[in-house]
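The values are calculated or read from the model by the stated rules, or taken from the named source; none is laboratory data. What you see is a predicted model; the values in this text were computed from it and never measured. For neighbour counting, all protein chains shown are included, and Cβ atoms are generated from backbone atoms with ideal geometry for every residue, glycine included. Surface accessibility is based on the protein's heavy atoms, side chains included, excluding ligands, DNA and RNA. Shrake-Rupley method; radii C 1.70, N 1.55, O 1.52, S 1.80 Å.
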Amino acid sequence: MTIGEKLKKSRNDKGMSLRELATKVDLSASFLSQIEQGKASPSIENLKKIAHTLDVRVAYLIEDEEDDIRNIEYVKAANVRYIESIDSNIKMGILLASNKEKNMEPIIYEIGIDGESGRDYYSHGNSEEFIYILEGELEVYVANKKYKLAKGDSLYFKSSLNHRFKNTSKKEVKALWVVSPPTF
C-alpha cells in the first residue's frame, strides 16, 4: 500500500471524514484527498501531525508491509528507506522496520541548507530524543533555548518539550536521531 492508501485506511478505521481530519491537522480536505490519491506528498511536519491524529506511527505510513517483528535487524546502507520533504529540505532515513516490540527508533536526518522541521515549535508524547551530529552544524531549539550543535556534539531532551530545528549553516547536516519509545 502507498502512503496515501495507508492514510485513507487509517482514517476510515477511525471513522473520520476528510474534513474532520483536515480540521484536526490544520490542512485542507482537498490537500489530504490529493495525498490519499498519490497526487501530493505531505511535509514531514504534516506527516507527523496526520500520524499522531490517526494514532499510527509515521513509519507505518511509509514502510513496506512485509516487515515483521524481529529481534535482530540488519539493514545495508543501500536498503535504508528514505522519505523526503522538499518543502522542508529534509531527507530522513528510517534505519529499522517499525513494530510495537521496539523501544527505540533511530533515524538518519539529512538536512539541506536552510532545512528545518517547521517554523512552529512542536511537542509529542512522553518520548525521549537523542541527536548526534555526524556532519555539519544544526541549531536545535528546545523549551525556548537555542543549542548550536556541530560534528560530534549531542543533545538529549524530552519530546514533550516544545522543540524545532534548523540548518543555518552553508552545508548539509547529517544527524543520527534516536527516539524512545518510537513516535515516528
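Around the Cα centre of region 96-184, unit charges on the Cβ atoms of Lys, Arg, Asp and Glu (plus for the first two, minus for the last two) sum to a dipole of about 200 debye. Counting protein heavy atoms only, region 86-137 has 47 percent of its accessible area on carbon and sulfur, 1.4 angstrom probe.
Suppose every Lys and Arg Cβ carries +1 and every Asp and Glu Cβ carries -1, with no other charges. What dipole size does region 1-155 come out with about its Cα centre, to the nearest 20 debye?
Details: 22 positive and 28 negative charges, 79 e Å.
Charge dipole of region 1-155: 380 debye, to the nearest 20.
Only helices enter this figure: runs of n ≥ 4 DSSP H residues, each worth -39500 (n - 2.57), summed and divided by the residues of the chain, yield -6500 deg cm²/dmol at 222 nm to the nearest 500.
Which value, in Å³ per residue, describes the convex hull spanned by the Cα atoms of the chain? Intermediate results must be reported in sequence, preceding the final value.
Numbers: hull volume 22.2 nm³, N = 184.
So the per-residue hull volume is 121 Å³.
On full extension of the chain, what length is gained from R81 through S17, given 0.36 nm per residue of separation minus the C-alpha to C-alpha distance? Walk me through the numbers before you get to the answer.
Working: separation 64, 0.36 × 64 = 23.04 nm, distance 2.98 nm.
Roughly 20.1 nm would be gained on extension.
Mean separation of Cα pairs under 8 Å and 6 or more residues apart, divided by the residue count, gives region 83-127 a relative contact order of 38 percent. Note on D13: accessible area approximately 110 square angstrom, rounded to 10, probe 1.4 Å, nucleic acids and ligands left out. Compute the label zone of S30 within region 1-17: residues whose backbone N is under 14 Å from the point 7 Å along Cα-to-Cβ. Output list for this probe position: empty.
Partners of K8 within straight-line reach, counting lysines whose Cα lies under 30 Å from its Cα and excluding those fewer than 8 residues away in the same chain: K24, K39, K48, K49, K91, K100, K102.
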